[in-house]
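Structure first, commentary second.
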Amino acid sequence: MGWAIALHGGAGVPYSLPPERRQPREEALRHCLQIGIKALNSKMTPLDVVELVVRELENIPHFNAGRGSVLTNKGTIEMEASIMDGNTMKCGAVSGLTTVVNAVSLARLVMENTPHIYLAFDGAEEFARQQGVETVDSSHFITEENIERLNQAKEANRVQIDYTQPIYNDTKSETETPFANGDSQTGTVGCVAVDSNGNLASATSTGGLVNKMVGRIGDTSVIGAGTYANELCAVSATGVGEVIIRGTVARDVAALMEFKGLSLKEAANIVIHERTPKGTVGLVAVSAAGDIAMPYNTPGMFRASATEDGYSEVAIWSEPIIE
Amino acid sequence: MAGWAIAVHGGAGVDPNLPPQRQEEAKQLLTHCLNLGISALRSGASAVDVVELVVRQLETDPIFNSGRGSALTAKGTVEMEASIMDGTKRRCGAVSGVSTVKNPVSLARLVMEKSPHSYLAFAGAEEFARQQGVEVVDNEYFITPDNVGMLKLAKEANTIMFDYRIPTEKCAGLESPVKMNGLPISVYAPETVGCVVVDSEGRCAAATSTGGLMNKMSGRIGDSPLIGAGTYACEVCGVSCTGEGEAIIRGTLAREVAAVMEYKDLGLQEAVDFVIKHRLDEGFAGLIAVSNKGEVAYGFNCNGMFRGCATENGFMEVGIWE
């Protein structure tokens, strides 16, 4: 059995996404996948790989993490991330970051350099400075698109999961499944990986919900909800944070495998299609045996995966592009 | 229809040399809280109302580590967190980094019911509290002389301390082979509080509240506000955990009890025993749980847990040790 890797750039992609917005994102997924593939081929540990890939996804402004994060209801940035090592089950998480360039790396430092698992807001920012990680002015993370999204959300007076394109007046004619209050969803990035020895790791990062209340924490930094890894599998989820939290989604995939003896695909499908409402969640997962699952119950999910035997794919909706 | 059941806890990991007077005070508070919950249940209150009511009482009393009497951060301040979950639809609410709100568990409930989110923290949570008009006080209100003393001790030892209720001058000479989180039990006692309830309609709920670790880094979040770790409730059960936060988070402890009941068809006590035995590795923790069948159970793998439980058929017990 060889290594396997899967990554996502967010669940909830309207079918109407125009080519000029779709192509750069496909390219970005391909690019990040290549980075992960090279790293695994050079025997980097899955923990290092997921951090590396998520850092890359954070740096790309097309996805809702790091640069390109969506904005709070005050127009500010509050980023969160978590990482988990399936071998040791050690984990790290951060929330409420405003100046840290790579939230996932700070989460890793919390895991490795503190007696704690989870640091947030001012305390996390202070820790970042003590650790000497790269920080920048918060404006670095803000993009025009996200300012636009926030304006639209405020006009519509709602909180959005995120959206891959500005809302046009004819949204109602689109075929995507709307979230309960009419929003489409996307947002959050993540990566899971397993090496040929069955070592697993997972990492997830996000800017959260468009127009979220300041101080709102979602699933991405809650271990067991947005991120989980043990010796059976590694999972990273995306979608409506509140749904993922109450469903302990990432943990549930592993629990079904462990307690009901299901395969990765079976477990992941049950969680996505039977245990969470339609239009709210997607996930990527790998198992110790090298299986990959990337189910979603939203219109689409930005994703990519590869295995050591040379297979790789990039996909948004149901037709993967086999590379 | 099975009757109601309730359990409360005031923390797992207790110094075997805890003075009898302290033990008595703790047991009295647990008994008082149980009775509060029982009265409410007898008058038909819902599970989620009862867990909030009981945890408010535990927060208000300075004996345990929540609300007033919370452990202090490295800066000598109080940062509280709490979560609440209503098993019926698995609605949940949580707060962290709360520094002026008198009852964090009630703020968590408001997050669940009055905001579009599940979890608010720090400045955002404080702002929400003011919008909601909840009772707020100065941070000093929560700080007790005992804890100021404890913090000094912890800093001198330059370690994280979970908490400790014995006055400082008494603990210097105490020897104990029992350890938690690498520290002798004489300088460790987490004392997070929690309550789980199944009401007469079979609805389960859970709530947990804490000040966290003594001498913790400002901004540190533990297991108590994390749904699935410190708190969980669903159709079949309600669970609240306490102990080493890291172990509880990694083990997604509260969710685990429900998962083995759902996926392995275990009964409540079996599930609790299974989780305590198999999910903690080197970690130390305890938990209380109720099932929709009116059962109550608890388990812990460390030295003692402050707890109390009662069921509608008249069973009632308050305890600290095995």
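Here are a few things to note about the model shown:
- Chain A: most fluctuating residue of A:224, A:123, A:239 per GNM, C-alpha cutoff 10 Å: A:123
- Once the chain from residue A:131 to residue A:197 is taken as fully extended at 0.36 nm per residue, the excess over their C-alpha distance is 20.6 nm.
- Unsatisfied cross-links (Cα-Cα over 19 Å) in the set A:90/B:152; A:212/B:216; A:212/B:114; B:102/B:155; A:74/A:212: A:90/B:152; A:212/B:216; B:102/B:155
- Taking all Cα pairs closer than 8 Å and separated by 6 or more residues, the relative contact order of region B:268-322 comes to 28 percent.
- For residue A:47, net neighbour charge (Lys/Arg +1, Asp/Glu -1) across residues whose Cβ lies under 11 Å away: -3
- Largest GNM mean-square fluctuation among B:123, B:271, B:40, using chain B with Cα springs under 10 Å: B:123.
- Estimated distance in nm for a label pair at residue A:15 and residue A:319, the labels positioned 7 Å out from Cα along Cα-to-Cβ: 1.2 nm
- Between B:310, B:12, B:108, the GNM of chain B built on Cα springs shorter than 10 angstrom shows B:310 fluctuating the most.
- Taking Lys and Arg as +1 and Asp and Glu as -1, the other residues whose beta-carbon sits under 9 Å from that of residue B:318 total +1.
- Whole-Hz Karplus values for region A:33-44 come out as 4, 4, 4, x, 4, 4, 4, 5, 5, 8, 6, 5 Hz, taken residue by residue from phi with 6.51 cos²θ - 1.76 cosθ + 1.60 and θ = phi - 60°; glycine and proline positions read x.
- Chain B: relative contact order as a whole-number percent, Cα under 8 Å and 6+ apart: 27 percent
- Summing +1 for each Lys or Arg and -1 for each Asp or Glu among the other residues whose beta-carbon sits under 13 angstrom from that of residue A:131 gives -2.
- Packing-based exposure ordering (other Cβ within 10 Å, fewest first) of A:213, B:214: A:213, B:214
Each value in this text was obtained by applying a stated rule to the coordinates, not by laboratory testing. Owing to the predicted nature of the structure, the values given are computational and were not obtained by experimental measurement. Positions of Cβ are generated from backbone atoms using ideal geometry, with glycine treated the same way; all protein chains shown enter the neighbour counts.
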